[in-house]
Amino acid sequence: MQPFYIKTFNSGELTYRAKILKSLMKECTICPRECKVNRSEGKHGVCRSTDRIVVSNLSAHYGEEAPLVGWNGSGAIFFTSCNLWCLYCQNADISHMRHGKAITTNQLAEAMLSLQHLGCHNVNLVTPTHFIPQIVEALIFAVEKGLTIPLVYNSGGYESVETLKLLDGIVDIYMPDIKYSSNDNARKYSGARDYWDVVRDAVIEMHRQVGDLKLNTFGIAEKGLLIRHLILPNNIAGSKKVLDFIAKEVCIDSYVNIMDQYRPAFKAYKYPELSRQITSKEYESVIQYAELVGLKRGFGKYENMLKVI
């Protein structure tokens, strides 16, 4: 199955979208923060990123969901910085401390191609939101040189619908987190006071563009939406409300990875309610509720049941 971006490139639309996205950096409204700073002149807002691409790592990654990893891995490109400020971030050295190396758009294109050459099943853009203009520009160069594997947009879910619309026909697989079902908790623990309002609209738009996760005959993801939800201790994430939203407002066939790997990291130790791992009871309660509302892909006993569409 041909990636969406090939058709968009062939029509000339990819180049047009790249120009629009690049213009947004002059008074940045790329993400819901709408900092309105001129990143093209070296200024930055909440994400602390100018127009320079900064990458911490790229590799064949085997720690993702099975439909992305396959046998050759997911081709992960880890971008530094983030538009969220999660106090328990497990990649704080990348997202908060911005450990990485500045590269050009041509080098980013070459990185995409090198991951394809390694046999990776996709190009997995990890925390890409604030670098969307540069990524789309790099994609043009990569397609010209033969990129043909799916593009994965792996984000924290705090996305502007208007920006997402500019990615329609470019991204093949959206993989957002849904971190909270409470704006108050999102503000306290991730510095985003409207997160729950924003993420719902963003996920609905993502699903409109790509639909449910579709796998090929080998069980490898080719297109669609894959949602992640990390259970937090003491119901801080509001998991059941998140699952209600997915089942009722997105699709009952949504692929949902309900994650139990929370561990206190970064500044979590300063908050007693975040300073422990979740219990097996907390995990099972969320899994049982997911089954109760009719979700059935990507978690618990369904984790390895790959639905080929």
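Does segment 226-238 contain at least one residue that is in contact with a strand residue (DSSP E or B) (Cβ under 7 Å, 6 or more places away or on another chain), over 22 Å from Gly75 (Cα atoms) and assigned to a loop (DSSP other than H, G, I, E, B)? Yes, some residue in segment 226-238 is in contact with a strand residue (DSSP E or B) (Cβ under 7 Å, 6 or more places away or on another chain), over 22 Å from Gly75 (Cα atoms) and assigned to a loop (DSSP other than H, G, I, E, B). One residue stands out among those in segment 112-138 that are outside any strand (DSSP E or B) and polar (S, T, N, Q): the one that is surrounded by the fewest Cβ atoms within 10 Å (Cβ to Cβ), which is Ser114. Please determine whether any residue of segment 88-102 is hydrophobic (A, V, I, L, M, F, W, C) and without any contact (Cβ under 8 Å) to a residue 24 or more places away in the chain. Within segment 88-102, one or more residues are hydrophobic (A, V, I, L, M, F, W, C) and without any contact (Cβ under 8 Å) to a residue 24 or more places away in the chain. Looking across segment 35-63 at every residue that is of a type in the set (D, E, K, R) and in contact with an Asp or Glu (Cβ under 9 Å, 6 or more places away or on another chain), the one that is farthest from Val199 (Cα to Cα) is identified as Glu41. Close Cβ contacts (under 6 Å, 6 or more residues apart or on different chains) running from residues in segment 255-281 that are farther than 16 Å from Asn185 by Cα and touching a residue at least 12 places away in the same chain (Cβ under 8 Å) to residues that are buried (at least 16 other Cβ atoms within 10 Å of the Cβ) and of a type in the set (S, T, N, Q) comprise Ala265/Gln90. Filter segment 51-88 for residues that are of a type outside the set (Phe, Trp, Tyr), surrounded by fewer than 21 Cβ atoms within 10 Å (Cβ to Cβ) and farther than 24 Å from Cys120 by Cα and give the result. Passing the criteria: Asp51, Arg52, Leu87. Among residues of segment 162-211 being of a type in the set (Asp, Glu) and in contact (Cβ under 8 Å) with a residue 12 or more places away in the chain, the one that is surrounded by the most Cβ atoms within 10 Å (Cβ to Cβ) is Asp172.
Among the residues of segment 251-264, which ones are surrounded by fewer than 21 Cβ atoms within 10 Å (Cβ to Cβ) and touching a helix residue (DSSP H, G or I) at 6+ places or on another chain (Cβ under 7 Å)? The answer is Cys251, Asp260, Pro264. The number of residues in segment 241-270 that are farther than 23 Å from Tyr174 by Cβ and either of a type outside the set (Gly, Ala, Ser) or in contact with a Ser or Thr (Cβ under 9 Å, 6 or more places away or on another chain) (or both) comes to 7.
Within segment 209-267, the set of residues being of a type in the set (D, E, K, R) and within 24 Å of Trp71 (Cβ to Cβ) comprises Asp212, Lys214, Glu222, Lys223, Arg228.
Taken together, Glu205, Glu273 contain a single residue that is at pLDDT 95 or above, more than 23 Å from Asp172 (Cα to Cα) and of a type in the set (D, E, K, R), which is Glu273. Of the helices (runs of 4 or more DSSP H) that lie entirely inside segment 1-111, those containing 1 or more residues that are under 20 Å from the mean Cα position of the chain (by Cα) and more than 25 Å from Lys165 (Cβ to Cβ) span 66-69, 92-95. Each residue in segment 282-296 was checked for being surrounded by 15 or more Cβ atoms within 10 Å (Cβ to Cβ) and closer than 15 Å to Tyr262 by Cα, and 3 of them qualify. Scanning segment 257-302 for residues that are within 19 Å of Gln90 (Cβ to Cβ), outside any loop (DSSP other than H, G, I, E, B) and under 21 Å from the mean Cα position of the chain (by Cα) gives Asn257, Ile258, Met259. Within segment 197-224, the set of residues being in a helix (DSSP H, G or I) and over 19 Å from Asn257 (Cβ atoms) comprises Asp197, Val198, Asp201, Glu205, Arg208, Gln209.
The values are calculated or read from the model by the stated rules, or taken from the named source; none is laboratory data. What you are looking at is a predicted structure, and each value in this text was computed from that prediction instead of being measured. Positions of Cβ are backbone-derived with ideal geometry, glycine not excepted, and every protein chain shown enters the neighbour counts.
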